[in-house]
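So the structure is just underneath, and the comments pick up after that.
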Amino acid sequence: MTDPRPTMRVLRGPLVRLLDDPGEDDRPAPGSLSYLQDGALWLEDGRVRAVGSYHEIAPHLPVGIEVVDYAGKLMMPGFIDSHVHYVQLDILASYGRQLLDWLNDYTFPEECRFAERAHGEAVAEAFLDEQLRAGTTTSQVFCSSHPQSVDAFFTAAQRRGLRMLAGKVLMDRNAPAALTDTVASGVADSERLIADWHGKDRLGYSLTPRFAPTSTAAQLDAAGAILRAAPDLHLQTHLAENAGEIAWVAELFPEEKDYLAVYERYGLVSPTSTFAHGIHLDQSMRERLAGAGANIAFCPTSNLFLGSGLFDRLACREAGLATSLASDVGGGTDLCGFATLKAAYQVGQLLGQPLTAWQGFYRLTLGNARALHLDRHIGALQPGQEADIVVLDPAATPLLARRTERIGKTGCLEPSSLGELLFALMMLGDDRSVFATWAGGECVHRQDSH
């Protein structure tokens with residue numbers, strides 16, 4: 001018999017949350033940062049019941065409630081990855097090519113393997129293990145063109161109680177026959193998957209045309225029709241990543257004035273649309289995206305690894321265009337959000353727009369949640385939100401411990417020192433810095449359990 005009593009526990013320790021966009025200054029904008037030196041997250045049935053100072057909350061706690069002590073650590077909302085290909089996990093660190101060669105040499109052959117459900121199941125489990133090890137509790141995920149790859153992913157995510165977005169790749173041309181679908185089969189598969197998985201527990205569906213060159217006009221139009229009929233769906237695709245890709249789109253769609261216009265014509269630019277990369281955009285394109293409420297997923301490790309270019313984050317900000325942070329994988333180099341932050345800082349430095357720690361961790365948490373329209377559920381650990389939490393260890397490695405020892409103990413930091421600590425984690429952190437990961441109020445990864 002199922003125990004009807006609520007599951008309650010309290011996580012106690014230093015707690016950092018970004019409650020709004022902190023701006024681009026060295027100091028976070030007023031009201032954007034919450035830092036509690038001795039914080040408490042009171043969790044009940046997978047959600048945050050209350051958050052605040054432990055000494056304020058303690059008198060209201062039931063007798064005997066479990067208190068998990070994270071003194072000396074740093075709690076914050078679980079990390080969010082706005083664009084990642086789970087089916088590319090096993091080709092991480094494949095010797096570099098530029099985008100189109102890389103797709104043909106590595107990606108397409110690898111994705112053919114997902115015709116077998118068992119292979120998809122094994123990779124989905126390994127992928128989610130790695131994400132949780134890195135403190136990532138929510139992602140927007142590309143599967144392969146095989147519907148069984150989506151079933152495998154959602155099954156694994158549902159069993160772990162995760163909030164995830166994912167979808168089947170739509171691709172009816174310019175790819176191996178083993179990977180291509182048709183307009184009719186792509187629609188039928190997508191509609192079946194939406195019926196089976198969208199809105200089930202913490203799962204949501206993202207329509208997924210790979211990118212304009214691998215879909216005919218008819219397929220793009222069909223995807224747009226599905227989105228118009230169900231505007232609560234998400235949509236994910238790629239845009240303006242590589243110069244060769246842009247030239248190819250111009251050849252395939254000569255009637256359109258630019259790459260973005262292809263997606264606009266078929267109704268794919270919406271408030272729930274994520275366009276990965278968006279490196280080679282002009283300001284008119286950024287403003288059109290902003291006007292539609294879409295977001296660009298900035299994938300800095302991938303952009304550097306494939307030599308695609310430097311993403312102008314501040315030009316997007318000037319246009320009012322939302323940006324999110326993403327790992328991409330396997331064109332990227334790492335599933336860990338710290339690697340994404342480090343590369344984003346380096347890209348920014350080359351453009352004269354360094355990324356502050358405040359802005360970086362905002363993007364990995366509430367900023368990404370807002371870009372994906374998930375902020376009512378996750379991103380800030382507000383009362384009523386789902387209890388997805390990452391617990392960081394500022395002394396996880398000898399080098400990180402030496403660096404952070406100079407800053408001070410996590411339970412007695414001033415805001416300026418907190419910024420220094422977060423920046424040190426951005427630069428020196430990796431998955432060893434993730435002491436624990438909680439999803440839906442349950443601990444799903446703990447460093448000392450390995």
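The values are calculated or read from the model by the stated rules, or taken from the named source; none is laboratory data. These figures come from a predicted structure and were not determined experimentally. No Cβ is skipped: glycine too gets one built from the backbone with ideal geometry, and neighbour counts run over all protein chains shown. Accessible surface areas use protein heavy atoms only, side chains included; no ligands, DNA or RNA. Shrake-Rupley method; radii C 1.70, N 1.55, O 1.52, S 1.80 Å.
Among the listed residues Gly72, Gly23, identify the single one that is surrounded by 13 or more Cβ atoms within 10 Å (Cβ to Cβ) and modelled with pLDDT under 95.
Values: Gly23 fails: modelled with pLDDT under 95.
Residue meeting the stated conditions: Gly72.
Say whether the condition of being over 23 Å from Phe142 (Cβ atoms) and not charged (D, E, K, R) is met by at least one residue in the stretch 292-305.
Start the filter on the stretch 292-305 by keeping residues that are over 23 Å from Phe142 (Cβ atoms), which leaves none.
Taking every residue of the stretch 292-305 in turn, none turns out to be over 23 Å from Phe142 (Cβ atoms) and not charged (D, E, K, R).
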I need every pair where a residue in the stretch 424-450 that is among the charged types (D, E, K, R) has its Cβ under 9 Å from the Cβ of a residue that is modelled with pLDDT under 95 and surrounded by fewer than 17 Cβ atoms within 10 Å (Cβ to Cβ), sequence separation at least 6 or different chains.
Asp431/Gln447; Arg432/Gln447; Glu442/Thr7
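Run down Leu268, Leu289 and say which single residue is free of Cβ contacts under 8 Å to residues at least 40 places away in the same chain, among the aliphatic types (A, V, I, L, M) and open to solvent by less than 10 Å² (accessible area, probe 1.4 Å). Break it down stepwise before answering.
On the way: Leu268 fails: free of Cβ contacts under 8 Å to residues at least 40 places away in the same chain.
After applying the criteria, what remains is Leu289.
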Restricting attention to the stretch 306-333, and to residues there that are crowded, with 22+ Cβ neighbours inside 10 Å and over 18 Å from Leu281 (Cβ atoms), which single residue is modelled with the highest pLDDT?
Ser327
Which residue is farthest from Glu442 (Cα to Cα), if the candidates are limited to the stretch 22-63 and must be touching a strand residue (DSSP E or B) at 6+ places or on another chain (Cβ under 9 Å) and β-branched (Val, Ile, Thr)?
Ile57
Going through (1) crowded, with 18+ Cβ neighbours inside 10 Å; (2) without any contact (Cβ under 8 Å) to a residue 40 or more places away in the chain one by one, Asp393 fails only at (2)
Pairs, please: C-beta under 7 Å, at least 6 apart or cross-chain, first residue within 28 Å of Leu132 (Cβ to Cβ) and in the stretch 86-111, second surrounded by fewer than 18 Cβ atoms within 10 Å (Cβ to Cβ) and modelled with pLDDT of 85 or more?
Leu89/Ala126; Glu110/Asp90
Residue check for Leu179: closer than 25 Å to Ala436 by Cβ, out of contact with any Pro (no Cβ under 6 Å at 6 or more places or on another chain), in a loop (DSSP other than H, G, I, E, B) and not acidic (Asp, Glu)
no
Complete set of residues in the stretch 130-167 that are touching a residue at least 60 places away in the same chain (Cβ under 8 Å) and either part of a helix (DSSP H, G or I) or open to solvent by 20 Å² or more (accessible area, probe 1.4 Å) (or both):
Glu130, Gln131, Leu132, Arg133, Ser149, Phe153, Arg160, Gly161, Arg163
Looking at (1) open to solvent by less than 20 Å² (accessible area, probe 1.4 Å); (2) among the charged types (D, E, K, R); (3) modelled with pLDDT of 95 or more, find the lone condition where Glu245 falls short.
(3)
Identify, by number, the condition in (1) among the polar types (S, T, N, Q); (2) open to solvent by 10 Å² or more (accessible area, probe 1.4 Å); (3) at pLDDT below 95; (4) in a helix (DSSP H, G or I) that Ser302 doesn't meet.
(2)
Consider the stretch 187-229. How many of its residues are assigned to a loop (DSSP other than H, G, I, E, B), open to solvent by 30 Å² or more (accessible area, probe 1.4 Å) and without any contact (Cβ under 8 Å) to a residue 40 or more places away in the chain?
2
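Restricting to the stretch 316-333, and then to whatever is among the polar types (S, T, N, Q) and part of a strand (DSSP E or B), can you tell me which residue is nearest to Glu130 (Cα to Cα)? Don't jump to the end; show me each part of the working.
Within the stretch 316-333, the first condition is being among the polar types (S, T, N, Q), and the residues that meet it are 323-324, 327, 333.
With the extra rule that they be part of a strand (DSSP E or B), the set shrinks to 323-324.
On the way: Thr323: 24, Ser324: 20 Å.
Per the criteria, the residue is Ser324.
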